[in-house]
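Participant: I'd like to ask you about the structure that follows.
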Amino acid sequence: MIIAERTKWINKKKNKHVMTKADIVDVISSSTGLTKVETEAVVNGFIDTVIDAMKRGETIELRGFGSFKVVKRAQRVARNPKTNEEVIVPEQYVPTLKISKDFKKQVNKSNS
């Protein structure tokens, strides 16, 4: 299990814990012994692979983490809150992440 300094990831404006890609690279690098450059290449490779697969409409399943998939949203009518004017939002494809039950349980235990 990777343990990191949480105080480092506090967004001063919103007073929330925020972990960036650079923070993830630092944590993985220090726990694996890889250099930061090597670790960043692996993290970027993972992200690029997920994006490329989703562009092709593929679903990605990572056991114990979750499933990435592309969902088609139908065309709908929305309203501009400033002008109260109706606007048509065209159909679009949206990437989604469904978290696994194990992941949810672990997060729920740690925040109880």
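Participant: Does the range 69-78 contain at least one residue that is modelled with pLDDT of 95 or more, touching a Ser or Thr at 6+ places or on another chain (Cβ under 9 Å), open to solvent by less than 100 Å² (accessible area, probe 1.4 Å) and not β-branched (Val, Ile, Thr)?
Facilitator: yes
Participant: Same structure again: Here are some conditions: (1) assigned to a loop (DSSP other than H, G, I, E, B); (2) at pLDDT 95 or above. Pro81 meets all but one. Which one does it not meet?
Facilitator: Going through the list (1) assigned to a loop (DSSP other than H, G, I, E, B); (2) at pLDDT 95 or above, Pro81 breaks only (2).
Participant: Using the structure shown, decide if Ala53 is closer than 25 Å to Asp102 by Cα and either touching a strand residue (DSSP E or B) at 6+ places or on another chain (Cβ under 7 Å) or of a type in the set (Lys, Arg) (or both).
Facilitator: The answer is yes for Ala53.
Participant: Report, ordered by the first and then the second residue, all pairs with beta carbons closer than 6 Å, sequence separation of six or more or different chains, a first member in the range 62-74 that is closer than 10 Å to Ile99 by Cβ, and a second member that is open to solvent by 60 Å² or more (accessible area, probe 1.4 Å) and assigned to a strand (DSSP E or B).
Facilitator: Here the result reads Gly66/Leu97; Gly66/Lys98; Ser67/Glu61; Ser67/Lys98, each pair linking the range 62-74 to a residue that is open to solvent by 60 Å² or more (accessible area, probe 1.4 Å) and assigned to a strand (DSSP E or B).
The values are calculated or read from the model by the stated rules, or taken from the named source; none is laboratory data. Fair warning: this is a prediction, and the values are worked out from it, not measured in the lab. Glycine also receives a Cβ, built like all others from the backbone with ideal geometry; neighbour counts cover every protein chain displayed. Heavy atoms of the whole protein, side chains included, go into the accessibility calculation; ligands, DNA and RNA do not. Shrake-Rupley method; radii C 1.70, N 1.55, O 1.52, S 1.80 Å.
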